[in-house]
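Asker: First, the structure itself, so that you have it in front of you.
The values are calculated or read from the model by the stated rules, or taken from the named source; none is laboratory data. These numbers were taken from a predicted model, which means no experiment stands behind them. Every residue, glycine as well, gets a Cβ built from its backbone with ideal geometry; the counts of neighbours run over all protein chains shown.
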Amino acid sequence: MTTPAAILASLRGDHALPLRPANQVMDLERLGSLHQSRLSFMRTLVRRIMKERWQIAPSLLQLDDQGYGTVVYQVRAPHGVFSFVLFSNYLSPEERNDRVIATQWDLTMALVEGTVDDVYLEKLRQNVPRQEAGRVDARVFVLSRANRSARNFDYVVDQLARGEQPDVDRIASVGYLYRTTAVYGSGKLGMADWEKVRTRHKDFARPFAGEMFVCLMLRNFSLMQAEHIARHKSPTRFTPLNPEIKRYFGIGNSTGLGMAPYLVNHPLLINQWIEMRELALARVRTLGHVDDSIKQQLNRLIDRCGTHMAETETEDDWQTDNNSAVRQDLLALKQYVDEDFEGWDALLTWSETHCSLQGQEMLVSIMLELYPELVDELEEFHSAEEMLDLDPLMPLHELKRIIETRYDWALAIDFEVEGARETCWYRSEEKMEPRLGSIADLEAKDKQMALGVGYAVHKCYSQLCEYMDKHANHTTARFMVARPKMRGIVRRIQSMNRCTYGDIQANLLDQNVLPMHLLRCKLAFFGVSKFDPRSRLWVRNTMFQGAPLLEDIGKPFSDDWFMPLAPQQSGEK
Amino acid sequence: MHISMNELSAALRRCFEATGYFVGNYEDAASMIFWLEKHGLQGLEELARALPYIDQDRQKPLSSMVYEDSTSAIIDSHGRSALNCIAAAVDLAHAKALDNGIATVKVHNCHNRKFILKALTDCGRRGISVAAYWQNGSEVITEHTAAIKAGDRYPSYSEATTNLKSDGVETQGLTIICSSRVDLTSSLQESKGNTEALSLDSGQVAFNKERTVESGININDSLWAEINRLGAGVLVSSSEQSRQGAGGR
């Protein structure tokens, strides 16, 4: 197992590995081209559950024939016992709405510390189905809700009740029975704070581990519920899902703008995730041994990724073009590997001139997939102390130098050009939903969130230069007394300078900004697949497709569900 | 009302942002209050006293330097709340102490000075020792001191009611002593006629924090409502057009 000191030595200094530079990695379009990898949080969670053989079984199963009722799963993990509590209620099709402003859902659920007795279950029943309108306490780690896929749920139930399996092509098109529309943690609505979960509950002490676990449990419940309803509908003809087809069902996810401010407001955490991904890549690039076995695996993964992309359906033209480009890239990659493959460094360099950004990042994910021994231990290092500290002693000439080198991308933007400050990000009075608007809307302009890091740096730099004309030898502390409005951005600049990658390099105020890149970046770290943008502001995707089922825990596990493929239907070749 | 630390922190940030605090300052203000409450030092009581006045600070001049040399400085905060000016004063003391071993910064005309404890803690974490002393009150004078050693995570804090006369006492002043070479500690002297003394060592502060992390924070309903009422000032009214800006599906 590696150590923080070894990681630091690999990231910085004379003995550092050849990391890709910040101006390449932190480019917004590249961040929006990332794919899932074996360091994605769904993968690391499933690896942990399977390795540690968590015991997960229903302790209460009260469902009527239609699948409505209450279910409690008891979760026995190495460091504690937890409960996954789920309420299933009837929801009419007219009331089904994926927006954050909805007030009713098909399923609502909570991940709770310890076991739940009748009194506590009743308390949860009074609050969990109400979501934002309810309150819970610090025993609850995660709260979530989900809606049925109108397209799939009834179809799958009918097929099973008829004694038939669902058509795999149809599942390839929409690979889930439910779509989760919000997953809340970190102290929202009275829940346990992340500090509590991180310091006292080791089983969920990695970023978003609790949230990912709830989605995994939702996926398992959805499959159990569909079988339950089908069995009651036709006890004699019912057939359970074929395990391979069952594993091919994931859970749907609908993600909107809420994730975008998160990336900007947690720069140290995002930097940490990116550092680990880039460190993994640098390790493979430098230490990854190549032999025939690796070449065979590489070819298999290239083929698999190509098929996965071919099975990815979206109505969005932009994403369709991207997927098509990635498939072309994979074909070219395969040809290059067959003819000229000399090592990872050369292959990466070749990809940077011959592949699309999404194709290049697909290659990165494939490379990580091939070397679990170089990559997996980094999953323990995805947390960060999120304190942006001011360095009051820093001389102003040093602060100026940092801006000129680390934020040259921000200084290069002309913010006076029309449209450069056209976009504003604000919170709506409707559930504080983050929204995007134009500065032509004066209220939105006046109340916009401070997400324009590039512009703030630009302003800070001009004030700093002006101040230094008179006080060139002053420290940052003295500048802060004179220019208190600069405190937030100076603290950020100094703190991000201590990181390898630093801030996302983009003008988020530009009229042409694509929030989709931000959403996709975070979702790739989560580990989703099948990106299906519904506009430039929200995206549907699939979680846990191909992951092991609850009944697979304790059985041999290959950890090989990267870019899952549709299973062959019985009778197919 | 029972809330999480994250809820309090986020609501306070909105509250101060809506009140006109700058980026950087509204996070500082929120974390100063939150830090006191999290560590059992009545941050919400202090806030309740400050809240009726916080929107007045935007009409006041920014802090100004009255005097400065290599080891000391005097800052006039012009009646502002410590919530939006004390962190810069502590940072200045920090910078001077690193240059000269020890430094003193005196702040005049500053309200709500108990909120300095968060800034002191940041110094301790960064390897600097700090002590602060201030008096408060118009008829009954109380005195307060807090200190943290270099590298420590939690400060000590003492307060007491004095028998001082209000005449001649500068009740809105604060003295900060900061050292990169000496570990400073502070406690109020018992022999000076002080009563109702309260003293918390760093161990008790740490214990209070553990309790809050486990179970969250209790807050008076009306104070919670007021924080959220003020914080609603950052929210934009909803319209069909604005719904389009959320995806518009």
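Asker: Looking only at segment A:122-147, which residues are closer than 15 Å to A:TYR90 by Cα and within 14 Å of chain B (Cβ to nearest Cβ)?
Answerer: A:ASN147
Asker: Starting from segment A:104-131, keep only residues that are on the phi > 0 side of the Ramachandran plot, then list their pairs with residues that are part of a strand (DSSP E or B) and among the polar types (S, T, N, Q) whose Cβ atoms are within a distance under 8 Å, requiring at least 6 positions of separation or different chains.
Answerer: Close Cβ pairs (under 8 Å, with a partner that is part of a strand (DSSP E or B) and among the polar types (S, T, N, Q)) amount to A:GLY114/A:SER83; A:GLN131/A:THR108.
Asker: Could you please find all residues in segment B:74-89 being of a type in the set (A, V, I, L, M) and crowded, with 24+ Cβ neighbours inside 10 Å?
Answerer: B:ILE75, B:ALA82, B:LEU83, B:ILE86, B:ALA87, B:ALA88, B:ALA89
Asker: May I ask you to verify whether A:LEU218 is away from every other protein chain (no Cβ under 14 Å), under 27 Å from A:ALA524 (Cα atoms), touching a residue at least 24 places away in the same chain (Cβ under 8 Å) and out of contact with any helix residue (DSSP H, G or I) (no Cβ under 9 Å at 6 or more places or on another chain)?
Answerer: Yes, satisfied.
Asker: Look at A:LEU451 and say whether it is in a loop (DSSP other than H, G, I, E, B), more than 10 Å from every other protein chain (Cβ to nearest Cβ), touching a strand residue (DSSP E or B) at 6+ places or on another chain (Cβ under 6 Å) and under 30 Å from B:SER239 (Cβ atoms).
Answerer: Numbers: in a loop (DSSP other than H, G, I, E, B): yes; more than 10 Å from every other protein chain (Cβ to nearest Cβ): yes; touching a strand residue (DSSP E or B) at 6+ places or on another chain (Cβ under 6 Å): yes; under 30 Å from B:SER239 (Cβ atoms): yes.
So A:LEU451 passes the test.
Asker: How many of the residues making up segment A:183-212 are in a loop (DSSP other than H, G, I, E, B), within 11 Å of chain B (Cβ to nearest Cβ) and on the phi < 0 side of the Ramachandran plot?
Answerer: Adding up the residues that qualify gives 4.
Asker: With the condition being farther than 19 Å from A:LEU11 by Cβ and in contact with a Phe, Trp or Tyr (Cβ under 7 Å, 6 or more places away or on another chain), I'd like the helices (runs of 4 or more DSSP H) fully within segment A:277-389 carrying at least 2 qualifying residues. Before you say what the answer is, go through the steps one by one.
Answerer: Details: elements: A:292-310, A:317-340, A:344-354, A:357-370, A:372-375.
The helices (runs of 4 or more DSSP H) meeting that bar are A:317-340, A:344-354.
Asker: Of everything in segment B:17-70, what is basic (Lys, Arg), outside any loop (DSSP other than H, G, I, E, B) and surrounded by fewer than 19 Cβ atoms within 10 Å (Cβ to Cβ)? Give them in sequence order.
Answerer: Within segment B:17-70, B:ARG49, B:ARG58 qualify.
Asker: Could you give every pair whose Cβ atoms fall below 6 Å, whose first residue belongs to segment A:439-460 and is crowded, with 22+ Cβ neighbours inside 10 Å, and whose second residue is charged (D, E, K, R), counting only separations of at least 6 or pairs across chains?
Answerer: Short answer, once both residue conditions are applied: A:VAL453/A:ASP503.
Condition check ((1) under 23 Å from A:PRO434 (Cα atoms); (2) within 14 Å of chain B (Cβ to nearest Cβ); (3) in a helix (DSSP H, G or I)) across all residues:
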{"position": "A:TYR178", "(1), (2), (3)": "no, no, no"}
{"position": "A:THR181", "(1), (2), (3)": "yes, yes, no"}
{"position": "A:VAL214", "(1), (2), (3)": "no, no, yes"}
{"position": "A:GLN272", "(1), (2), (3)": "no, no, yes"}
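Asker: Is it true that B:ALA95 is at pLDDT 95 or above and small (Gly, Ala, Ser)?
Answerer: no
Asker: I would also like to ask the following. Looking at A:LEU378, is it more than 14 Å from chain B (Cβ to nearest Cβ), more than 15 Å from A:THR475 (Cβ to Cβ) and buried (at least 19 other Cβ atoms within 10 Å of the Cβ)? Reasoning before the result, please.
Answerer: Numbers: more than 14 Å from chain B (Cβ to nearest Cβ): yes; more than 15 Å from A:THR475 (Cβ to Cβ): yes; buried (at least 19 other Cβ atoms within 10 Å of the Cβ): yes.
The answer is yes for A:LEU378.
Asker: Then there is this: Among the residues of segment A:292-330, count how many are among the hydrophobic types (A, V, I, L, M, F, W, C), farther than 26 Å from A:VAL539 by Cβ and either modelled with pLDDT under 95 or surrounded by fewer than 17 Cβ atoms within 10 Å (Cβ to Cβ) (or both).
Answerer: Residues meeting the conditions: 1.
Asker: Just to be sure before I move on: is A:MET496 hydrophobic (A, V, I, L, M, F, W, C), closer than 25 Å to A:ALA420 by Cα and under 27 Å from the mean Cα position of the chain (by Cα) in the structure I sent?
Answerer: Yes, satisfied.
Asker: Here is a follow-up. Right, A:ALA226: among the small types (Gly, Ala, Ser), farther than 30 Å from B:MET5 by Cβ and part of a helix (DSSP H, G or I) or not?
Answerer: Taking the combined requirement at face value, the residue satisfies it.
Asker: Evaluate segment A:261-279: report whether one residue or more is touching a strand residue (DSSP E or B) at 6+ places or on another chain (Cβ under 7 Å) and closer than 24 Å to A:GLU29 by Cα.
Answerer: yes
Asker: Which of the residues that make up segment B:179-196 are more than 19 Å from B:LYS149 (Cα to Cα) and surrounded by 15 or more Cβ atoms within 10 Å (Cβ to Cβ)? Walk me through it before giving the result.
Answerer: Taking segment B:179-196 first, the residues more than 19 Å from B:LYS149 (Cα to Cα) are B:189-196.
Answer for segment B:179-196, where residues must be more than 19 Å from B:LYS149 (Cα to Cα) and surrounded by 15 or more Cβ atoms within 10 Å (Cβ to Cβ): just B:ASN194.
Asker: Right, something else. Identify the residue in segment B:45-80 that is among the polar types (S, T, N, Q) and within 13 Å of chain A (Cβ to nearest Cβ) and, among all such residues, is farthest from B:LYS114 (Cα to Cα).
Answerer: Filtering segment B:45-80 for residues that are among the polar types (S, T, N, Q) and within 13 Å of chain A (Cβ to nearest Cβ), the one farthest from B:LYS114 (Cα to Cα) comes out as B:SER70.
Asker: Among the listed residues A:MET486, A:MET496, A:MET480, which satisfies the condition of being among the aliphatic types (A, V, I, L, M), touching a Lys or Arg at 6+ places or on another chain (Cβ under 6 Å) and crowded, with 18+ Cβ neighbours inside 10 Å?
Answerer: Residue meeting the stated conditions: A:MET480.
Every residue, every condition in (1) farther than 30 Å from A:ASN512 by Cβ; (2) assigned to a loop (DSSP other than H, G, I, E, B), yes or no:
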site: A:ILE7; (1), (2): yes, no
site: A:SER10; (1), (2): yes, no
site: A:ASP14; (1), (2): yes, yes
site: A:LEU19; (1), (2): no, yes
site: A:ASN23; (1), (2): no, no
site: A:HIS35; (1), (2): no, yes
site: A:LEU39; (1), (2): yes, yes
site: A:ARG43; (1), (2): yes, no
site: A:ARG47; (1), (2): yes, no
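Asker: So in segment A:531-573, with the set limited to residues that are among the basic types (Lys, Arg) and in a loop (DSSP other than H, G, I, E, B), which one is farthest from the other protein chains (Cβ to nearest Cβ)?
Answerer: A:LYS573
Asker: Also, quick follow-up: Given the conditions (1) touching a residue at least 24 places away in the same chain (Cβ under 8 Å); (2) touching a Phe, Trp or Tyr at 6+ places or on another chain (Cβ under 7 Å); (3) not polar (S, T, N, Q), and given that A:TYR68 satisfies all but one, which numbered condition is not satisfied?
Answerer: Looking at each condition in turn, A:TYR68 falls short on (1).
Asker: Taking segment A:71-92 as the region of interest, how many residues are farther than 23 Å from A:ILE553 by Cβ and either among the aliphatic types (A, V, I, L, M) or touching a Lys or Arg at 6+ places or on another chain (Cβ under 8 Å) (or both)?
Answerer: Looking only at that region, the number is 2.
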